[in-house]
Amino acid sequence: MVAAHLAEDLMLRYKRRSIQVIKGDTVKIMRGGYRGRVGKVRKVDVKKQRIEVEGITITKVDGKSVPYPVHASNVMITKLNLTDPWRRRKLEEKLSEEEKKVVEKEAEEQIKEMEEEAMKAEAAEEEEEKEEEVIEEKAEEEIEESKEEMGKEEETEAKEEHIEKKVEKKEMQKNAKE
């Protein structure tokens, strides 16, 4: 139901003028204030026929940055997400056998790229966890050193400060990810 025009090279390759937009497609905005911007589709709202594109946001009065919904008719698909089997079947309906094989190869490449990105993300998360463990160990060592110098009252204050620092660091990491 939520369809957009294809770029000229995709039109010639797939012998179609438009196709449904799905999450993962790369689109170029053709109308409105964000004209000319390119990004991946993050979300498709079928009821409102709007899509959310990565990097396209508006700032609300309270200062929050929220995704800007763009109508599907105002974008042009520049790169297709071929990881969806339904999408591949729809594309292959009007194509010859040779062209179908090309589509399948492209889909396999995209699936491999997605797997590699997932592996990189996992590795990054593991590194972050290791860094957190090292920081915790250092903080515990500092607390133990300060125990010798401080009394019991000061020890509880140090623990509270350590917990507060830990919470602040996690909040900063969450904000950085967003």
Practice task
Answer with yes or no whether residue 56 is closer than 30 Å to residue 102 by Cβ, surrounded by 15 or more Cβ atoms within 10 Å (Cβ to Cβ) and among the hydrophobic types (A, V, I, L, M, F, W, C).
Solution key: no
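Per-residue answers, yes or no, for (1) surrounded by 12 or more Cβ atoms within 10 Å (Cβ to Cβ); (2) among the hydrophobic types (A, V, I, L, M, F, W, C); (3) more than 21 Å from the chain's Cα centre (by Cα):
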{"site": "15", "(1), (2), (3)": "yes, no, yes"}
{"site": "23", "(1), (2), (3)": "yes, no, no"}
{"site": "42", "(1), (2), (3)": "yes, no, no"}
{"site": "48", "(1), (2), (3)": "no, no, yes"}
{"site": "66", "(1), (2), (3)": "no, yes, no"}
{"site": "86", "(1), (2), (3)": "no, yes, yes"}
Handout entry: Which listed residue is without any contact (Cβ under 8 Å) to a residue 60 or more places away in the chain and among the hydroxyl-bearing types (Ser, Thr, Tyr), from 14, 34
Key = 34
Practice task
Answer yes or no as to whether residue 95 is under 22 Å from residue 25 (Cα atoms), surrounded by 12 or more Cβ atoms within 10 Å (Cβ to Cβ), modelled with pLDDT of 85 or more and not charged (D, E, K, R).
Solution key: no
Problem - Contacts under 6 angstrom Cβ, first residue in segment 150-175 being of a type in the set (Asp, Glu) and surrounded by 11 or more Cβ atoms within 10 Å (Cβ to Cβ), partner modelled with pLDDT under 70 and part of a helix (DSSP H, G or I), 6 or more apart - result: 155/147
Problem - Pair list, Cβ under 7 Å, 6 or more apart: segment 118-147 residue of a type outside the set (D, E, K, R), other residue surrounded by 10 or more Cβ atoms within 10 Å (Cβ to Cβ) - result: 139/162; 143/158; 143/159; 143/162; 146/158
Exercise for the section: With the condition kept exactly as written, say whether any residue in segment 119-142 is within 30 Å of residue 83 (Cα to Cα), surrounded by fewer than 11 Cβ atoms within 10 Å (Cβ to Cβ), at pLDDT below 85 and among the acidic types (Asp, Glu). Expected result: no
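The values are calculated or read from the model by the stated rules, or taken from the named source; none is laboratory data. What you are looking at is a predicted structure, and each value in this text was computed from that prediction instead of being measured. Ideal geometry is used to build each Cβ from the backbone, glycine not excepted, and the neighbour counts take in all protein chains shown.
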